[in-house]
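*Asks:* Structure provided below as structure tokens; questions to follow.
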Amino acid sequence: MPTFIFPGKYESLAKIAELVQIATREFGLDSCAAYGVETAVDEACSNIIEHAYGGEDRGEIEFSYEITADSLIITLRDHGKKFKPKKIEKPKTNVPLKNRSDHGLGLYFIHQWMDEVQYDHREGYNILTLIKHKGTMSK
Amino acid sequence: MEINHTEFKRCDVVKVSGRVDSATAPRLAEKLNEIMDAGRFRIVLDLQDLDFISSAGLRVLIGAQKTCKRYNRGEVVLANVQPNILSALDLAGFTPFFKIFDDTVSAVGNF
């Protein structure tokens, strides 16, 4: 399973996205599903930098992926603050623009675009596993 | 990300290309704020060559829309929205907040 280590800063996001594109192409996802996986990984890495590390240049992001017969499994590891998953809320769309909150979108995107999302904390590391199955549409 | 800004008499066209993520979204916000600070609130965002937008970018779009629509002084409209970008806007529940045009000419004509 190839593992890549990136500095925890926003500039790394484009480089991580290139790896995600290689992985989704290798796995054979269509453009829409591949875009979804790219979004989920981008949001997860942005959250690691912003919330786990509390800012840029405070730690690393480990990215690895594995392709099985029917799944693309992406793993992200960081040694920042332990992640406590919150309740995932669907954005409220029936409110006027001025009252529309734009928070919590990243986490919502991760759960919408991926088929499985697993959080774990082991030996001081947050471990986030994002799984996309073959032939599933985005939710 | 690249930003090209053209000022017209009736509106401003901002062409955004490449990736809008947490690294680049602040630059997009800065450009849109610069336009709005100049008292110009009719903005066309041409998204023809936008490859990717994360929630950080979508927050910039919705923030600009809130500012432009205040006092009915204008609005942000979108042109040439590619299917993947449209899916992201839709998933965020943001499509009802923006007029979406097939091309820049129609978007400019809206103003």
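*Asks:* Going by the alpha-carbon gyration tensor, a ≥ b ≥ c the square roots of its eigenvalues, is the stretch B:2-109 rounded (a/c under 1.5) or, if a/c is not under 1.5, prolate (a/b greater than b/c) versus oblate?
*Replies:* Note, shape of the stretch B:2-109 comes out rounded.
*Asks:* Then there's this: At 1.4 Å probe size, with no ligands or nucleic acids counted, give the accessible surface of B:Thr67 in Å², nearest ten.
*Replies:* Probe radius 1.4 Å; accessible area of B:Thr67 about 40 Å².
*Asks:* What value, in deg cm²/dmol to 500, does the helix sum -39500 (n - 2.57) over DSSP H runs of n ≥ 4 give at 222 nm once divided by the residues of chain A? Intermediate values should be presented prior to the final figure.
*Replies:* Details: 3 runs with 42 residues, N = 139.
My calculation for chain A gives -9500 deg cm²/dmol from helical runs alone.
*Asks:* Note down the relative contact order for chain A as a percent, whole number, built from C-alpha pairs under 8 angstrom at least six residues apart. Don't skip to the end; give the middle numbers.
*Replies:* Numbers: 229 pairs, mean separation 38.1, N = 139.
Contact order relative to length: 27 percent.
*Asks:* In chain A, which whole DSSP H runs stretch at least 15 Å along their own axis (Cα) and average -1.0 or higher on the Kyte-Doolittle scale?
*Replies:* For chain A, where a helix must reach 15 Å along its axis and average at least -1.0, the hits are A:12-27, A:31-47.
*Asks:* Here is a follow-up. Determine the shape class of the stretch A:1-57: with a ≥ b ≥ c the square roots of the Cα gyration tensor eigenvalues, call it rounded for a/c under 1.5, and otherwise prolate if a/b is greater than b/c, oblate otherwise.
*Replies:* Note, shape of the stretch A:1-57 comes out prolate.
*Asks:* Then there is this: What nm value, rounded to one decimal, do you get for the distance between A:Glu11 and A:Asn99 when each label is placed 7 Å out toward the C-beta?
*Replies:* 4.4
*Asks:* Once you charge only the Cβ atoms, +1 for Lys and Arg and -1 for Asp and Glu, what is the size of the charge dipole of the protein assembly as shown about its Cα centre, to the nearest 20 debye?
*Replies:* Value, rounded to 20: 1260 debye.
*Asks:* Report the A-B buried area as the accessible area lost on both sides summed, probe 1.4 Å, in Å² to the nearest 100.
*Replies:* Values: alone 8440 and 6000 Å², together 12240 Å².
Between A and B, the summed buried area is about 2200 Å².
*Asks:* Where the Cα atoms of the stretch A:1-132 are projected onto their three principal axes, how long is each span, largest first, in whole Å?
*Replies:* 46, 35, 26
*Asks:* Calculate the tail of P(r) for the protein assembly as shown: the fraction of all Cα-Cα distances greater than 24 Å, expressed in %.
*Replies:* Every Cα pair in the protein assembly as shown considered, those over 24 Å come to 47 percent.
*Asks:* On to the next question. Straight-line reach from A:Lys92: which lysines have Cα under 23 Å away, leaving out those fewer than 8 places along the same chain?
*Replies:* A:Lys84, A:Lys139, B:Lys66, B:Lys69, B:Lys99
*Asks:* What net charge do the residues around B:Ala38 carry, taking every other residue with its C-beta under 10 Å from that of B:Ala38, with Lys and Arg at +1 and Asp and Glu at -1?
*Replies:* Residues close to B:Ala38 contribute a combined charge of -3.
*Asks:* Further question on the same structure: Given A:Lys9/A:Lys90; A:Lys9/A:Lys81; A:Lys15/B:Lys15, which pairs have Cα atoms separated by over 19 Å?
*Replies:* Those over the limit are A:Lys9/A:Lys90; A:Lys15/B:Lys15.
*Asks:* Probe radius 1.4 Å, ligands and nucleic acids ignored: give me the carbon and sulfur share of the accessible area of the stretch A:3-60 as a rounded percent.
*Replies:* Details: 1190 of 2510 Å².
Solvent-exposed carbon and sulfur of the stretch A:3-60 make up 48 percent of the total.
*Asks:* Turning to a different aspect of this structure: Which percent, nearest 5, of DSSP beta bridges in the protein assembly as shown are antiparallel?
*Replies:* Of those bridges, close to 70 percent are antiparallel.
*Asks:* Find the centroid of the Cα atoms in the stretch A:42-99 and in the stretch B:50-111, then give the distance between the two in whole Å.
*Replies:* Each part's Cα centre sits 25 Å from the other's.
The values are calculated or read from the model by the stated rules, or taken from the named source; none is laboratory data. Not measured: the values here are computed from a predicted model. Note: ideal-geometry Cβ built from the backbone for every residue, glycine included; neighbour counts use all protein chains shown. Just so you know, the surface numbers come from the protein's heavy atoms only, side chains and all, with ligands and any DNA or RNA stripped out. Shrake-Rupley method; radii C 1.70, N 1.55, O 1.52, S 1.80 Å.
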